[in-house]
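Scroll down for the structure; my scribbles are underneath it.
The numbers here are math on the coordinates, done by the rules we state, and not lab data. Values in this document were obtained by computation on a predicted structure and should not be read as measured data. Here Cβ is always computed from backbone atoms with ideal geometry, including for glycine, and neighbour counts include all displayed protein chains.
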């Protein structure tokens with residue numbers, strides 16, 4: 001379980017693609033990240049959210065952690081496009097005794113979106129994200145002023161229309177997360193609020 005409060009921006013140190021024969025999914029990838037101080041206390045087998053994707057540490061050498069990403073995850077998230085030198089949002093799984101500052105985040109990405117527009121104001125930046133028409137049905141999980149996870153960041157939905165949703169970012173969020181270095185046209189991972197998904201699953205189907 002995560003909270004959507006990013007602990008650090010960390011750098012990708014290596015990326016290796018592993019092609020699979022006769023697979024309908026993209027190739028698997030392995031990559032390593034320098035977790036720096038966040039590596040303290042971590043062990044192989046523990047979970048870390050990388051740009052909002054829950055991954056398992058498969059190797060750990062000092063502060064360098066290695067992760068394996070299966071084809072299905074490559075297909076459904078933005079991790080298939082990461083490159084050596086990129087910086088990614090990192091959050092370690094929450095301790096039971098930890099402070100809960102964001103919202104319930106599983107690290108299970110529902111879909112990806114594209115940054116459609118980025119409007120900069122003196123005190124905030126408005127980000128407009130476009131979701132594909134195929135994923136538009138997922139909008140019934142979203143409410144204005146409700147929670148949403150973008151690249152692992154717990155954020156509040158400002159508005160929504162058709163297949164567009166907007167969020168407002170304070171300077172601190174821009175400085176401390178990938179949303180400050182991403183541009184129009186870049187892909188982001190989206191996880192809808194788990195509470196909304198559970199409620200939706202209990203309602204009678206139309």
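In percent, rounded to a whole number, the relative contact order of the chain is 24, using alpha-carbon pairs under 8 Å and six or more apart. Helix content alone sets the calculated 222 nm mean residue ellipticity of the chain: runs of n ≥ 4 DSSP H residues at -39500 (n - 2.57) each, divided across all residues, give -2500 deg cm²/dmol.
Rounded to the nearest 0.05, the FRET efficiency derived from the C-beta distance between residue 68 and residue 195 at R0 = 35 Å is 0.70. Structure remark: mean-square fluctuation, Gaussian network model of the chain, C-alpha springs under 10 Å; the largest value among 107, 152, 62 belongs to 62. Just to confirm my numbers, what's the Cα centroid distance between the range 142-206 and the range 54-127 in Å? Here the two parts' Cα centres lie 13 Å apart. Among 183, 147, 78, the largest mean-square fluctuation in a Gaussian network model of the chain (Cα springs under 10 Å) belongs to 183. Each of 172, 140, 103, 108 has some number of other Cβ atoms within 10 Å of its Cβ, and from fewest to most they run 172, 140, 108, 103.
Put a dot 7 Å past the Cα of residue 161, heading toward its Cβ, do the same for residue 30, and the two dots end up 4.9 nm apart.
Taking the range 112-139 and a reference point 7 angstrom along Cα→Cβ of residue 170, the backbone N atoms nearer than 13 Å belong to 123-125. Fully extending the segment from residue 123 to residue 43 would add 24.8 nm, taking 0.36 nm per residue of separation and subtracting the current Cα-Cα distance.
Largest GNM mean-square fluctuation among 157, 53, 188, using the chain with Cα springs under 10 Å: 157. Subtracting the Cα-Cα distance of residue 95 and residue 183 from their residue separation scaled by 0.36 nm leaves 28.4 nm.
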